[in-house]
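Single-structure report; data block below.
The values are calculated or read from the model by the stated rules, or taken from the named source; none is laboratory data. All values reported here derive from a predicted model rather than from experimental measurement. Using ideal geometry, Cβ is built from the backbone for each residue, glycine included, and neighbour counts are taken over all protein chains shown. Calculation scope for accessible area: heavy atoms of the full protein, side chains included, ligands and nucleic acids excluded. Shrake-Rupley method; radii C 1.70, N 1.55, O 1.52, S 1.80 Å.
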Amino acid sequence: MRFPQMTKQKIRSYPAKKSNMTVVTKRDTCTCTCFSQLSLYYDSFEDDEMFTYDEITEELMLARPYRRIMVDPSGSGDKNLSLPMRKSLFAHVPPFIIFHTNGMCKLPIQITRHLFWWQSRKRFVPQIVTHTVRRSGFRITKDSTANWCGTWCSTLAYSKLRQPKKFSKVNHFPSSIELGNKISLWRNFRRMRKKFGINDFDYMPLTFILPEERENLRKLMQKNGGIWIVKPPNSCAGSGIKIISRLYEIPNYDSLVVQRYIAWPRLIDGIKFDIRLYVLLTSIDPLRIYVYNEGLVRLATIKYVNNVKYLSDRFMHLTNTSVNKVSPNFRPNDNPYKCKGNMWSLNCLWNYLASMENVDTFKIWTQIKDIAVKTVISAEPSLIRAWKKMSLSTTYNSYQLFGFDVLLDNHYRPWLLEVNDFPSMEPDTPLCKIVKGQLAKDYLNLVGFHVPDILSDKELKMLRLLYKEHGVCYNRQLYSNMSTWEQKKKQNMFLRKPLRKFYLKSILRNLTSDDVRVLIRHEDEITQTGRFEKIFPTGTTHKYLGFFEEPRYYNLLLDAWENAYEHDRRKGIERLRQLCKKKYHLS
């Protein structure tokens, strides 16, 4: 496998309140992405080729080889000033807003007066997200009917939200409850296991849905006994959870899920732990999935004992931070590279398991990514149907960050416990603030926000005068999901015969304008992954296409594209650039 040439460069450091921050990155000259990792000191970064980490801040803007937009609003004649917006890889695609936390990049008033971030309720908007968007030029509005560009709202607030503007981004897909609701999650998993077999779908503990399956649970408990965990279907943060060993301990008529309790978990110094992972869905058609390379390892505060006498001890059996932070034994952690306290970073756990227990952590990570892809695919039919039912004429509006809770058993086998469709982004602990702060910035930059297309003629004229640039705002044509007759004809031809050996080469021969729009968005996203890792589609994920309820044309297109250009993205990018120069993607 050939690796692209890397050029190493140092970025100037800026003084922080308590310490100096230094960023050292490696730039991939093929895709223009940058690589680094969190250093031992949590407010700085250091080199590590294992991580594809793109710090999209004003420091990196000095290193990124994009065409700079020069501006001199003061009329001083200084031509070294530039507008801090990320240019697309392709011509005639509007630039993207850069999200950062130090607030040194300033957008002009012609733009910032139109940058609004809708905040539904104060308690549902985490400080981390609010801080990031404010530092990036946005103002907060409580008016849901305003011309806002983005929001981080709860599932309940989203359900009451009217159809957003075409230039607005919402942190939910329609019907994402298919993953977040524990009953729906299990039903989707059970359907897939019944269809494809236990060999491919055996990563969730046996679950019963009450009250309708209470009799089946009674028979099994009567025969085999065991320990079970009872959960409300829509709860989070450990609310309403109890561990039981007798049927009469379960309420008769409440809607609940009862899951077989993993009684022999992997322990750290006798303490139970689980892993909170972050999975980002940027599109459902085509399906694009990313997983964050960093996460949170949450430890209980009482040593684990596998005995029914201690089933009521929540500090022993539950790992939720919201539960354990009130324990007198809870110890916070402020260093992502220190294995201390009751919360570790994910990479700290991998280092601990590899060095102390000689575990193949790459194998575990591969299994976890497999679980993430299959779980999203299990809900894909419902997500597609809900999206089409809303009759959205744009592919720009939606994205979603999910929290996956995974437990390792004593054989280091990962089990999916549940999925949160609105994961907490609150800085509950010092380590939460570090990990979630970078996570917020990374996912906002990866999703890609444009300036809304509501600027006045006077403002547009001023922007053109200052920047010598056309097309600074959101382009509705670029994200239209309306297909022409010829495009539909091509799609139907490949869907009638979705054999990989048939479409792998031929689907890329004559790209339609719709194909190009999908591909340029795909490539633009890849340059901004930060610490996210693209897990679908890749050159090896065609094995998952058989799990879809029905073939999707754009999934076939991206599979063929990854097969052709995964190891030489520059070649594919150049092909698209030639088409974009002619405005083919806008035809």
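For this structure, a couple of remarks:
- Given +1 at the Cβ of Lys and Arg, -1 at the Cβ of Asp and Glu and no other charges, the dipole of region 339-431 around its Cα centre is 400 debye to the nearest 20.
- Other-chain or far-sequence residues with amide H under 5 Å of F330's (modelled H): none
- Rounded, prolate or oblate (a/c below 1.5 giving rounded, otherwise prolate when a/b exceeds b/c) for region 198-267 by Cα gyration tensor: rounded
- With a threshold of 29 Å on the Cα-Cα distance, the over-threshold entries among K303/K374; K195/K231; K87/K165; K182/K388; K169/K489; K374/K436 are K303/K374; K169/K489.
- Amide proton proximity set for V170, modelled H, under 5 Å, gap of 5+: S398, Y399
- Peptide ranges 305-314, 427-436, 470-479 listed from the most packed, as the mean C-beta count within 10 angstrom indicates: 427-436, 470-479, 305-314
- 14 Å beta-carbon shell around T112, net charge (K/R +1, D/E -1): +4
- Ordering of 393-404, 566-577 by burial proxy (mean other Cβ atoms within 10 Å per residue, highest first): 393-404, 566-577
- Per-residue packing, averaged as other Cβ atoms within 10 Å, sorts the ranges 168-177, 482-491, 234-243 into the order 168-177, 234-243, 482-491, beginning with the highest.
- Counting protein heavy atoms only, region 166-238 has 51 percent of its accessible area on carbon and sulfur, 1.4 angstrom probe.
- Mean accessible surface per residue for region 195-329, computed with a 1.4 Å probe while every protein chain stays in place, in Å²: 43 Å²
- Whether region 338-459 is rounded, prolate or oblate, judged on the alpha carbon gyration tensor where a/c under 1.5 counts as rounded: oblate
- For region 109-196: rounded, prolate or oblate by the Cα gyration tensor [a/c cutoff 1.5]: prolate
- Label sites at K338 and T145, each approximated as a point 7 angstrom past Cα along Cα to Cβ, lie 5.3 nm apart.
- Scanning residues 5 or more positions from L256 or on other chains, those with amide H under 5 Å from its amide H are L210, with H placed 1.01 Å from N in the peptide plane.
- Whole-number accessible area per residue in Å² for region 383-519, which is evaluated in the context of all protein chains at 1.4 Å: 44 Å²
- Full-extension gain in nm, S159 to R413, via 0.36 nm per residue minus C-alpha separation: 87.8 nm
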